[in-house]
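First the structure, in the form of structure tokens, and then the observations on it.
The values are calculated or read from the model by the stated rules, or taken from the named source; none is laboratory data. As the structure is a prediction and not an experimental result, all values here were calculated from the model. For neighbour counting, all protein chains shown are included, and Cβ atoms are generated from backbone atoms with ideal geometry for every residue, glycine included. All accessible areas refer to the heavy atoms of the entire protein, side chains included, with ligands and DNA or RNA removed. Shrake-Rupley method; radii C 1.70, N 1.55, O 1.52, S 1.80 Å.
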Amino acid sequence: MATQDIVLLDLPSKPPCKCWTPNPWKTRLVLNYKGLDYKTEWVEYPDIKPRLADHFPKDKEEFTIPTVMMPDGSYVMDSLEIAELLEKKYPEPSLHLDSPYLSKLQELQPKFFGPIRGIFVPKVPKLILNDASVPYFVSTRENSIGVTLDQYAKEKGGEVAYQAAAPALKELTAMLKENGDGPYFMGKTVSYADFQWASVMIFFQRLGELDGLLKATGDAEPHRKLLEAVKPWAERDDH
């Protein structure tokens, strides 16, 4: 089926329904930055596989959001694969996917994102998800980590999480300050690396945890400047 617009499949939130989680935010920022026509289709967690299974190979087991349906009816999953496709089809303005900052950030992100899971995973079902997604989210995460989310928050959340993430977050700060004129990793040039990190900050802002996250970076100012700089592409968050 051909459509006029790109369709972005995103995860809904409690009212007011807005984009919240980092991976869909990366795709949404790209779409907004490139000025592409798109519409949002909100898909609750239990509905992701039923919605997508018929559009991918039969042996595929894992289905994730973001996924986009392109105007020709084809489906693409995974935020980076989507970014690569959109860059190929709509090369201007460029995402600078060949920037060394992107590869450095991709290498660094697991080192801070792993520790801060103890903060955000327990908060998501309480603060963000609709009732339709809560049981799925809680059961899958508890099966994965092996304890209840309340126990996980108690053992791995709060200052324990931020302290564990701080060394990697301070490396990230150093990267962001390499080009002193800022506000982007590449100085005055925005790139996908900026969207990748901004998506995490927007997520933590939604959770009421941005101050804690930025405190752990060792210097909040360059991160706040980056967040302010990408604001024009973050304004469209609900359609």
Ranked from the most accessible area to the least, with a 1.4 Å probe and all protein chains present, what is the order of R224, R51, R28? R224, R51, R28
Equivalent ellipsoid semi-axes - Cα gyration tensor, region 138-225, angstrom: 29, 14, 11
Cα centroid separation, region 130-207 to region 45-92 (Å): 23
Divide the volume of the convex hull of the Cα atoms of region 71-157 by its number of residues and quote the answer in cubic angstrom per residue. 150
Summed over the other residues with a beta carbon less than 10 angstrom from that of P71, with K and R at +1 and D and E at -1, the charge totals -2
What FRET efficiency comes out for E84 versus K14 if R0 is 45 angstrom and r is the Cβ-Cβ distance? Round to the nearest 0.05. 0.90
Residues of region 126-239: accessible area per residue at 1.4 Å, in Å²? 49
Going through the DSSP H helices of the chain, which span 20 Å or more along their own axis at the Cα atoms while scoring at least 0.5 as a mean Kyte-Doolittle hydropathy? 158-176
At 0.890 mPa s and 25 °C, plugging the Kirkwood radius over alpha-carbon pairs of region 136-180 into Stokes-Einstein gives what diffusion coefficient in µm²/s? 195
Given a 1.4 Å probe and every protein chain left where it sits, what share in percent of the accessible area of region 42-89 is carbon and sulfur? 48
Near the amide H of T67, under 5 Å away, which other amide H atoms are found, from residues 5 or more places off or on another chain, if H is placed in the peptide plane? L9
Give me the percent relative contact order of the chain, please, defined on Cα pairs under 8 angstrom at least 6 residues apart. 25
Over region 26-102, give the accessible area per residue in Å² for a 1.4 Å probe, as an integer. 50
Hey, any idea what Rg/Rh is for the chain, computing Rh the Kirkwood way over Cα pairs? 0.96
Among D54, D37, D219, which one shows the biggest mean-square fluctuation in a GNM of the chain, springs joining Cα atoms closer than 10 Å? D54
Using a 1.4 Å probe over the heavy atoms of the protein chains, calculate the carbon and sulfur portion of the accessible area of region 148-239 as a whole percent. 49
Residues whose placed amide H lies under 5 Å from that of I128, excluding near-sequence neighbours: none
